[in-house]
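**Student:** Let me give you the structure first, and then I'll get to my questions.
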Amino acid sequence: MRPAQDLLPATLGRSLLAALTTFVTLLSWSGFAEQPSGFLVPLFLACLLVALVGAVLRAARLPVVVVAAGQLVVLALWLQHRLGGHEALLGWLPTTDSVRAVGSALHASGVAAQSYPSPVPATAPEFYPLLVVTGAATAVLVDLLALGLRRAPLSGLPLLAAYTAPVSILDGGVSWVTFAAAALCFLFLLAADHGHRLEHWGHRLSPARGPFDVSRDGVSTGGVWSSARKIGFTATGLAVVAPLLLPTFHAHLFDGPGTGTGAGDGGVSLSNPIVDLKRDLVRGADVPLVTVSTDDPDPSYLRLTVLNSFDGAAWRPATREIPRSQRADGETVTPPGLLRGVARTAHTATVHVDRSFASRWLPTPYPVTSVDAPGDWRYDSTTLDFLSATDGQTAAGLSYRLRSLELRPTATQLDEAPAAPASVFSSDTALPRSFPASIRRLADRVTAGRTSTFERAVALQDWFRVSGGFRYSLARPSGTGTDDLVGFLGRGKDGRVGYCEQFAAAMAAMGRSLGIPSRVAVGFLSPQRDARPHTWTYSSHDLHAWPEMYFDGVGWVRFEPTPQTRTGAVPAYTRTELPQATRSSSAGAPAAVPSATAPTRRPDLQRTVGAATSSPTDRSRVGQLVLLAALLVLAGSLVPRVLRVRRSHRRWAAAGDPRDWAEAGWQELRDTYVDLGRAWDRRWTVRGAARRVAASFGDPGRPAADTGTDTGTRGGTAASAPEAVAALHRLTGLVERARYARSLPEDAATGDTVRRDVAACVAALRAGAPRRDRIRAWWVPASVLRDPARDGGRASGLTGLRSTTVDRAV
């Protein structure tokens, strides 16, 4: 009796390993949702289905395309059972209604992906099918490359794409544990592929096998696995540890209050500007801190830094990696999101920082286009604030020159701005999972009836300044955590009383809850005119905080929620009444949002759903996973064809004389014959092979129909393609002379004549093959998957063919 393990398909182990590698890689998607089990459990089942179905179909020795198609069919039935089983026949067999239900579920999933930043809340489970479908497609592609085409290294491409998505989207990236586990699984998959190839060395002759391939005869692969374990653990360990040892400039900002210390290029810890802000505002003396000489007749806000990360405890600058190329020694990058259509005026200025102001940031207007400051100061390309990269370096006593832009966007430009790109939206709308639902509801009530992102932003500003009943006072304790915001926004004893810190932090948090990219800026308010011409002074009492919100095409825009008693007028673009046409077009669009989907947190999507979903700037990167998966599937399906074309090109490129051209042409003819489903025996003589090729010719003017028959020759007759027969006769004669003649004249043939003869033979071969064989030959050329010269024996290449022919001639 055969052992139970010998009854299992031979490829089952490698299929399960490929599925495990895919699933472990997909664990990196956990941060896309607050409740990742909603899509990870179905993804585990999908990967298992792909492995089992693939192993069984491969054991039946079915073609690679049939195996992949079978996996997709089983996955499609399983997915429609999950998403539309209530409409399916017996819960599994598709019907029109079940297909429509699946389409609706996928559409709702796409809308949810576009509507929420990562992590998508647990209250939006309609988001999960998108990840399940994308992950299942990735599993099929990995299985196809690693086992179907036996190109395990290429399977790393879809795995890398799947891993790159969360690394580039999620704030904080992916856990090193997930990376290490995925890397180890992939290395073991490579080892399994190498071991499988090694097993075929030294096969002993065995009786004919049954319909399923369960044979495991072969040499031991213990050495392969021993080396794989050593290399795998060593390489993965180095990949995890090495980044910790490499020197890079990390700005770990706001690890705590007070003055920090630096560590050169290895890191810099900066003091908390919120603490300094409150301290300097309440001090008695108004100390001059910054003097600016500028051609701007009315300078205003001067920025120090940006707080763009909110963890529930406080607003802080996000961790930054700033290379040396971003030093304050000339031109900076273009301000994020700013396009040409916005009115602007360029200004130059010379800034002098008083010796008493030991700031770790350079005071600059926003946006600044050029800064030339002594020392090692570097800027963040996403925020355009400048920070010290040297231990102990401050701006005290520093003088430097800069150029900046005064932007004058219109209310219409801001109201009609498209949705923020995913790179901005994902990070600058992120809120902690513990963010109070009461603040979300309050933001919805305050902006009720406002249809555009800009209208909602202005509504928040007006509520803080006018209708919300807020009062400015420095008596409130410092703090921007969620508990502080709940107390500040409430109507209790200490509610709705505070200073700029609370107003800016609260508006930015409420803006994020509405899906508006928001952050907090800290710097100076309005300066006082100096006795010297074109000179202005910012003092300690001018320190201020305000929110900035992003509008694509304009960039980051300042708002002013702090009451008028402290700040004066609001920005001009927030005081302008929108044209009536703009209001009407905005008001009518929300009806385009399907009622079956959850309310979106991106009002700009509600306003113009049709246009937004087709715009690259309106799609989140989570939603782009579907497009990425489709491109990967297409790329994977083209791999065999690309390899076939590359082999042909290299073959012709390497030929330099008639002998080489003859061999190249014969090999090209042989590969085409095999691609079309014919068996090529290396023991054939040149003329014997030519007779079989000619018997498969058809008339290129009338290709064979796809009759589904298999008669052995499957073609027309030699008389149906006389030109091809003549070309084959010339090629056969040239090959025989090239192999067996003592010498071959240089004018025996040219590369062009040989290629024309081969092209005529190839056209006749394709014409004599059924349509399905022609399609298979294009998409899955068999000559790429196996060496045609090995068919019928274990000799390799044309050398074996030549030696057999010589033996028979003798």
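The values are calculated or read from the model by the stated rules, or taken from the named source; none is laboratory data. Because the structure is predicted, anything quoted here is derived from the model rather than measured. Methodologically, a virtual Cβ is constructed for each residue, glycine included, from the backbone with ideal geometry; neighbour enumeration extends over all protein chains shown. These area figures cover heavy atoms from the full protein model, side chains too; ligands, DNA and RNA do not enter into them. Shrake-Rupley method; radii C 1.70, N 1.55, O 1.52, S 1.80 Å.
**Student:** Give, as residue ranges, the helices (runs of 4 or more DSSP H) completely inside the range 53-162 that count at least 1 residues that are more than 22 Å from the chain's Cα centre (by Cα).
**Tutor:** By residue number, 64-84, 96-115.
**Student:** Could you please find all residues in the range 151-163 being under 20 Å from S30 (Cβ atoms) and either charged (D, E, K, R) or surrounded by fewer than 20 Cβ atoms within 10 Å (Cβ to Cβ) (or both)?
**Tutor:** Selection gives L160, A161.
**Student:** Scan the range 465-480 and give yes if some residue there is within 28 Å of L543 (Cα to Cα), assigned by TED's automatic domain parsing to the domain that holds P517, open to solvent by less than 20 Å² (accessible area, probe 1.4 Å) and assigned to a helix (DSSP H, G or I), otherwise no.
**Tutor:** Within the range 465-480, none of the residues are within 28 Å of L543 (Cα to Cα), assigned by TED's automatic domain parsing to the domain that holds P517, open to solvent by less than 20 Å² (accessible area, probe 1.4 Å) and assigned to a helix (DSSP H, G or I).
**Student:** What are the residues in the range 370-424 that are among the hydroxyl-bearing types (S, T, Y) and farther than 15 Å from R327 by Cβ, if any?
**Tutor:** If the condition is that a residue be among the hydroxyl-bearing types (S, T, Y) and farther than 15 Å from R327 by Cβ, then T382, T383, T394, S399, S404, T410, T412, S423 are the ones that fit.
**Student:** Report, by residue number, each residue of the range 512-536 that is open to solvent by less than 20 Å² (accessible area, probe 1.4 Å) and either part of a helix (DSSP H, G or I) or among the hydroxyl-bearing types (S, T, Y) (or both).
**Tutor:** R512, S513, S518, T535 - these are the residues of the range 512-536 that are open to solvent by less than 20 Å² (accessible area, probe 1.4 Å) and either part of a helix (DSSP H, G or I) or among the hydroxyl-bearing types (S, T, Y) (or both).
**Student:** If A113 satisfies all but one of (1) surrounded by fewer than 22 Cβ atoms within 10 Å (Cβ to Cβ); (2) in contact with a strand residue (DSSP E or B) (Cβ under 9 Å, 6 or more places away or on another chain), what's the number of the condition it fails?
**Tutor:** Unmet for A113, out of (1) surrounded by fewer than 22 Cβ atoms within 10 Å (Cβ to Cβ); (2) in contact with a strand residue (DSSP E or B) (Cβ under 9 Å, 6 or more places away or on another chain): (1).
**Student:** What are the residues in the range 640-655 that are of a type outside the set (A, V, I, L, M, F, W, C) and either touching a residue at least 12 places away in the same chain (Cβ under 8 Å) or open to solvent by less than 60 Å² (accessible area, probe 1.4 Å) (or both), if any?
**Tutor:** Result: P640, R641, R644, R647, S648, R651.
**Student:** Continuing with this model, one more query. Can you name every residue in the range 419-449 that is open to solvent by 40 Å² or more (accessible area, probe 1.4 Å) and part of a helix (DSSP H, G or I)?
**Tutor:** Answer for the range 419-449, where residues must be open to solvent by 40 Å² or more (accessible area, probe 1.4 Å) and part of a helix (DSSP H, G or I): S423, S427, A437, S438, R440, R441, D444, R445.
**Student:** May I ask you to verify whether R678 is closer than 17 Å to G768 by Cβ and not in a helix (DSSP H, G or I)?
**Tutor:** Spelling it out, R678 is indeed closer than 17 Å to G768 by Cβ and not in a helix (DSSP H, G or I).
**Student:** Please specify each residue of the range 380-392 satisfying the condition of being open to solvent by 10 Å² or more (accessible area, probe 1.4 Å) and closer than 27 Å to V554 by Cβ.
**Tutor:** Selection gives D380, S381, T382.
**Student:** Hey, V497 hits all of (1) surrounded by fewer than 20 Cβ atoms within 10 Å (Cβ to Cβ); (2) within 21 Å of P418 (Cα to Cα) but one; which does it fall short on?
**Tutor:** Here V497 clears every test but (2).
**Student:** Next question, about the same structure. Looking at the range 537-560, which of its residues are open to solvent by 20 Å² or more (accessible area, probe 1.4 Å) and under 23 Å from Y573 (Cβ atoms)?
**Tutor:** Matches in the range 537-560: D552, R558.
**Student:** Also: I'd like to know if the range 130-150 contains one or more residues that are farther than 26 Å from A69 by Cβ, open to solvent by 20 Å² or more (accessible area, probe 1.4 Å) and outside the structural domain of W779 (by TED's automatic domain parsing).
**Tutor:** no
**Student:** Filter the range 11-26 down to the residues that are surrounded by fewer than 20 Cβ atoms within 10 Å (Cβ to Cβ) and either at pLDDT 90 or above or of a type in the set (G, A, S) (or both) and list them by number.
**Tutor:** Once the filter is applied, which keeps residues that are surrounded by fewer than 20 Cβ atoms within 10 Å (Cβ to Cβ) and either at pLDDT 90 or above or of a type in the set (G, A, S) (or both), the range 11-26 yields G13, L16, L20.
**Student:** Is one or more of the residues making up the range 557-564 under 18 Å from R408 (Cα atoms) and of a type in the set (K, R)?
**Tutor:** yes
**Student:** Mind checking whether some residue in the range 481-496 is out of contact with any Leu (no Cβ under 8 Å at 6 or more places or on another chain), part of a loop (DSSP other than H, G, I, E, B) and within 26 Å of R303 (Cβ to Cβ)?
**Tutor:** Yes, the range 481-496 contains at least one residue that is out of contact with any Leu (no Cβ under 8 Å at 6 or more places or on another chain), part of a loop (DSSP other than H, G, I, E, B) and within 26 Å of R303 (Cβ to Cβ).
**Student:** Another one. Within 25 Å of A411 (Cα to Cα), among the hydrophobic types (A, V, I, L, M, F, W, C) and part of a strand (DSSP E or B) - does that describe any residue in the range 539-548?
**Tutor:** Taking every residue of the range 539-548 in turn, at least one turns out to be within 25 Å of A411 (Cα to Cα), among the hydrophobic types (A, V, I, L, M, F, W, C) and part of a strand (DSSP E or B).
**Student:** Any residue in the range 450-466 that is under 13 Å from A508 (Cα atoms) and small (G, A, S) sitting within a Cβ distance under 7 Å of a residue that is open to solvent by less than 20 Å² (accessible area, probe 1.4 Å) and part of a helix (DSSP H, G or I)? List the pairs, counting only those 6 or more apart or interchain.
**Tutor:** Within 7 Å, the pairs are A457/G511.
Residue-by-condition table, conditions (1) modelled with pLDDT under 90; (2) out of contact with any strand residue (DSSP E or B) (no Cβ under 8 Å at 6 or more places or on another chain); (3) crowded, with 16+ Cβ neighbours inside 10 Å:
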position: R283; (1), (2), (3): yes, yes, no
position: D296; (1), (2), (3): no, no, yes
position: T319; (1), (2), (3): yes, no, no
position: I322; (1), (2), (3): yes, no, yes
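**Student:** Something else now. Here is a check on your reading of the model: is T390 farther than 24 Å from A506 by Cα and either assigned to a loop (DSSP other than H, G, I, E, B) or of a type in the set (S, T, Y) (or both)?
**Tutor:** yes
**Student:** Now for a separate question. In this structure, does A506 turn out to be in contact with a Leu (Cβ under 9 Å, 6 or more places away or on another chain) and assigned to a strand (DSSP E or B)?
**Tutor:** No.
**Student:** Give the range 346-371 a look and list any residue that's at pLDDT 95 or above, surrounded by fewer than 20 Cβ atoms within 10 Å (Cβ to Cβ) and within 16 Å of L398 (Cα to Cα), or say none.
**Tutor:** Result: T350, H352.
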